[in-house]
Amino acid sequence: MSARLSLGSLPAVHRPEVDPGKVSVGIVHLGLGAFHRAHQAVFTEQAAAMSGATGWGICGVSQRSAAVREQLAPQDGLYSVLTRGPGDPSVRVIGSIREVLTAPEDPDVVVARIADPAVAVVTLTVTEKGYRAAAQGGLDLTDPEIQADLAGRPPRTVVGQLAAGLARRTGNGAGPLTIVSCDNLVANGPFLRRLVEDYAAASPDAKLLAEQLESARFPASMVDRIVPATTDADRDEAAALLGVRDEAVVVAEPFLQWVIEDDFAGPRPEWDKAGAILTRDVAPWEQAKLRMLNATHSMLAYLGALRGYVTIAEAVRDEQLAGLAAELMSAEVIPTLTPPDGLDLTAYGESVLERFANPALKHRTAQVAMDGSVKLPVRLLGTIRDRLADSTEPRVASLAVAAWMVYVAEATTSGTPLDDPQAARLQAALGGAGTTPAALVDALLGVESVFGADLPANAVFRSLLVEHVGQLTR
Ligand code: CS2
């Protein structure tokens, strides 16, 4: 077995572009998953290499387990990105993560880091469910973890961490903070600001926090790169390419994109030098990405899984499914969008399907199918609402929702665990329901935290769902 990855053991050709020993922490990142390591951390390293700035190292915070710290700490925070495109895979070692914390073990250190005057930017990838938002918008103040943070324990929730960090910046010489959500949510910046404001209003530090929030900025951002879960085969392949063993390798497609609202409270890394787009209005980018890429991804995941396909690439190689994905984008989504400057939406849709077809990625349908109850509203229900308001039938988008319904019902009847933050609620809804398509649709459509009060009342949408569920279960 080869040596473990560290700066000392790494062959010179694979050294990171910037000497990690010269980089100090200026960014706190909440949610140290594979996506961050293959995306913002890569842009950050590239920006440092291009600009020569050494003050933008990342303190990465895992929100749950110590696994990431156990992988990264013995490797001086270094890890590799294994890029799988059409040709041979390539590998690159990234050194921008300079410190790794595990939030449940070190909640006070996390707060101290957010409050550190050297830190000017906090970024987040905590997934849709990590925000603990209420279905009707704003923070879910009934969430027991939020309540426990508000009661004054060292914070465990993301919003609690941000609020405690902001409060502690008062009077310690720290400048105003910029907090950048990098999750697949509609208007993620304003969305997160509202959550922190709701928390602040309910907190004993309300006055202090209101002052901090006045100067803080929450730019919206759109992030894009397909990053499947790493497998043992990936780790073996990276080891063969690197000549040392990397336990923290992440796998990604060649494509990567980051569009950020240019609204910072203070200094920021020169991410634009690394290819990020800094713009006044992220909304058209974000809508195009969520409604085109993420929506078709979810549709292929559910329809693909129902047909027994293990990976997204297999699903999109099925001509019928590829045709439906293309139709969803061209006939139903594009008419609801305003194209961002310089983006041809038709070409974008084609490129999305090409990226999904990448056979080397092995992105599992089950991985994309996770957390459907919080993904569908963001990815598909906006399109459906817009089409219905326009008196047009969202046929294909409804098929995607129907496929999710059948997927949830099949997991429930077969006793397969459903990977979803609302699994218990969904399965309870299905519990008393009959087995006809109409009964299944009515049971799930009645879950207000997913469909709101408007969609269950829409006869067109309901009948499309019943028709599709009927076909899918026949
Ligand atoms: C995927 C996304 O897992 C999922 O739900 O749709 O993670 C997708 O791969 C990324 O958003 C691509 O940027």
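The values are calculated or read from the model by the stated rules, or taken from the named source; none is laboratory data. Values in this document were obtained by computation on a predicted structure and should not be read as measured data. Here the Cβ is made from the backbone with ideal geometry for all residues, glycine too, and neighbour counts use every protein chain on show. Surface accessibility is based on the protein's heavy atoms, side chains included, excluding ligands, DNA and RNA. Shrake-Rupley method; radii C 1.70, N 1.55, O 1.52, S 1.80 Å.
Scanning the range 335-363 for residues being assigned to a helix (DSSP H, G or I), closer than 20 Å to P394 by Cα and open to solvent by 40 Å² or more (accessible area, probe 1.4 Å) gives a total of 2. Select from the range 231-286 the residues that are small (G, A, S) and touching a Lys or Arg at 6+ places or on another chain (Cβ under 7 Å) and write down the one among them that is surrounded by the fewest Cβ atoms within 10 Å (Cβ to Cβ). Going through the qualifying residues, I end up with A265. Any chance the range 7-20 includes a residue that's hydroxyl-bearing (S, T, Y) and surrounded by 20 or more Cβ atoms within 10 Å (Cβ to Cβ)? The answer is no; no qualifying residue exists. Please verify whether V159 is closer than 27 Å to K289 by Cβ, outside the structural domain of Q287 (by TED's automatic domain parsing), of a type outside the set (S, T, Y) and open to solvent by less than 40 Å² (accessible area, probe 1.4 Å), treating the condition exactly as stated. So V159 passes the test.
A347 satisfies every condition listed in (1) within 16 Å of the ligand (Cβ to nearest atom); (2) farther than 19 Å from H468 by Cα; (3) not assigned by TED's automatic domain parsing to the domain that holds H39 except (1). The residue list A167, A135 contains one member that is under 16 Å from L213 (Cα atoms), of a type in the set (G, A, S) and either touching a residue at least 60 places away in the same chain (Cβ under 8 Å) or assigned by TED's automatic domain parsing to the domain that holds S65 (or both), which is A167. Looking only at the range 414-431, decide whether some residue is within 30 Å of G323 (Cα to Cα), surrounded by 15 or more Cβ atoms within 10 Å (Cβ to Cβ) and among the small types (G, A, S). No. The set of residues from the range 337-367 being more than 19 Å from R317 (Cα to Cα) and touching a helix residue (DSSP H, G or I) at 6+ places or on another chain (Cβ under 9 Å) comprises L337, T338, P339, P340, D341, L343, L345, T346. Scanning the range 122-138 for residues that are of a type outside the set (S, T, Y) and either over 30 Å from W271 (Cα atoms) or assigned to a loop (DSSP other than H, G, I, E, B) (or both), we see that the one that is farthest from the chain's Cα centre (by Cα) is Q136.
Candidates in the range 316-331 are the residues that are of a type in the set (D, E, K, R) and open to solvent by 60 Å² or more (accessible area, probe 1.4 Å); of these, the one that is nearest to A402 (Cα to Cα) is E327. Does V119 meet the test of being among the β-branched types (V, I, T), outside any helix (DSSP H, G or I) and open to solvent by less than 60 Å² (accessible area, probe 1.4 Å)? Criteria met by V119. Within the range 200-221, residues that are within 24 Å of T127 (Cβ to Cβ) and of a type in the set (K, R) sit with their Cβ atoms under 9 Å from residues that are assigned to a helix (DSSP H, G or I) and open to solvent by less than 80 Å² (accessible area, probe 1.4 Å), at 6+ positions apart or across chains, in these pairs: R217/G189; R217/R193.
Report yes if some residue within the range 83-101 is under 28 Å from V450 (Cβ atoms) and either surrounded by 16 or more Cβ atoms within 10 Å (Cβ to Cβ) or not assigned by TED's automatic domain parsing to the domain that holds R193 (or both); otherwise report no. No, every residue in the range 83-101 fails to be under 28 Å from V450 (Cβ atoms) and either surrounded by 16 or more Cβ atoms within 10 Å (Cβ to Cβ) or not assigned by TED's automatic domain parsing to the domain that holds R193 (or both).
Among the residues of the range 428-452, those that are at pLDDT 95 or above and not in a helix (DSSP H, G or I) comprise T436, G446, V447, G452.
Here is a list: L290, L321. Which entry is under 20 Å from the mean Cα position of the chain (by Cα), over 23 Å from W56 (Cα atoms) and not assigned by TED's automatic domain parsing to the domain that holds R92? Outline the logic, then answer.
Working: L321 fails: under 20 Å from the mean Cα position of the chain (by Cα).
Exactly one residue qualifies, and that residue is L290.
Restricting the range 446-461 to residues that are within 29 Å of the chain's Cα centre (by Cα) and free of Cβ contacts under 8 Å to residues at least 24 places away in the same chain, which is surrounded by the fewest Cβ atoms within 10 Å (Cβ to Cβ)? The selected residue is A453. The set of residues in the range 299-315 that are within 13 Å of the ligand (Cβ to nearest atom) and buried (at least 24 other Cβ atoms within 10 Å of the Cβ) comprises M299, L300, A301, Y302, G304, I312, A315. Residues that are open to solvent by 10 Å² or more (accessible area, probe 1.4 Å) and more than 16 Å from the ligand (Cβ to nearest atom) within the range 376-391 comprise R385, D386, R387, L388, A389, D390, S391, listed in sequence order.
With respect to L209, determine if the residue is in contact with a Phe, Trp or Tyr (Cβ under 9 Å, 6 or more places away or on another chain), at pLDDT 95 or above, hydrophobic (A, V, I, L, M, F, W, C) and under 25 Å from A148 (Cα atoms). Spelling it out, L209 is indeed in contact with a Phe, Trp or Tyr (Cβ under 9 Å, 6 or more places away or on another chain), at pLDDT 95 or above, hydrophobic (A, V, I, L, M, F, W, C) and under 25 Å from A148 (Cα atoms).
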